[in-house]
1. Could you tell me the calculated FRET efficiency between Glu87 and Cys47, based on Cβ-Cβ distance and R0 = 22 angstrom, to the nearest 0.05?
2. What number, rounded to the nearest 500 deg cm²/dmol, is the helix-based mean residue ellipticity at 222 nm of the chain, given -39500 (n - 2.57) per DSSP H run of at least four residues and division by all its residues?
3. Dipole of the chain (Lys/Arg Cβ +1, Asp/Glu Cβ -1, origin at the Cα centre): which of Ile23, Ala72, Cys40 lies farthest to the positive side?
4. Using a 10 angstrom Cβ neighbour count of at most 14 plus a DSSP loop assignment to flag exposed trypsin sites (Lys or Arg not before Pro), which longest range of the chain is free of such sites?
5. How much length, in nm to one decimal, is gained on full extension between Leu15 and Asn33, taken as 0.36 nm per residue of separation minus their Cα-Cα distance?
6. GluC sites (Glu not before Pro) within region 71-109: which are DSSP loop residues with at most 10 other Cβ atoms inside 10 Å?
7. To one decimal place, what orientation-averaged projected area in nm² is obtained for the convex hull of the Cα set of the chain?
8. Relative contact order for the chain: what percent, with Cα pairs under 8 Å and sequence separation of 6 or more?
Amino acid sequence: MDEETERRVARNEALLREVNESIERGRWPGDDNRPLKFRCECSSLECNVTIAMTRVEYEQVRRDGRRFALHAGHEMPACETVVETREGYIVVEKQDQAGEIAEELDPRG
């Protein structure tokens, strides 16, 4: 995968991560263990798949700026590695330049 494609993929996933940050902020206190519908954070901006996760599960993914929650099968092995398989979704970690960009664009970073 060339550098420009890696950058685009990382930017797209970071944009969807920001959407999920907004979803999480809009929840009431006490919703931590209730499943919420988050957007798949894959590189396709056309993807409309939702992932059911609790706020606690989402926070576990968000601890690392290189990690994203995706629907299984939406990963891009050329620039990310599946690090966890959970019920209903996978967690990927961006590698190389894509990982650096993901960290730079992390709103919590």
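Please treat every number below as a calculation from the coordinates, not as lab data. This structure is a prediction, so every number in the text was calculated from the model and none was measured. No Cβ is skipped: glycine too gets one built from the backbone with ideal geometry, and neighbour counts run over all protein chains shown.
1. The computed FRET efficiency comes out at 0.65.
2. -11500 deg cm²/dmol
3. Of Ile23, Ala72, Cys40, it is Ile23.
4. After excluding every exposed loop site, the longest remaining stretch is 64-107.
5. 4.0 nm
6. In loop regions of region 71-109 (DSSP not H, G, I, E or B), the sparsely surrounded GluC sites (Glu not before Pro) are Glu87.
7. On the way: hull surface 24.7 nm².
If I average the Cα hull's projected area over directions, I get 6.2 nm².
8. Rounded, it is 28 percent for the chain.
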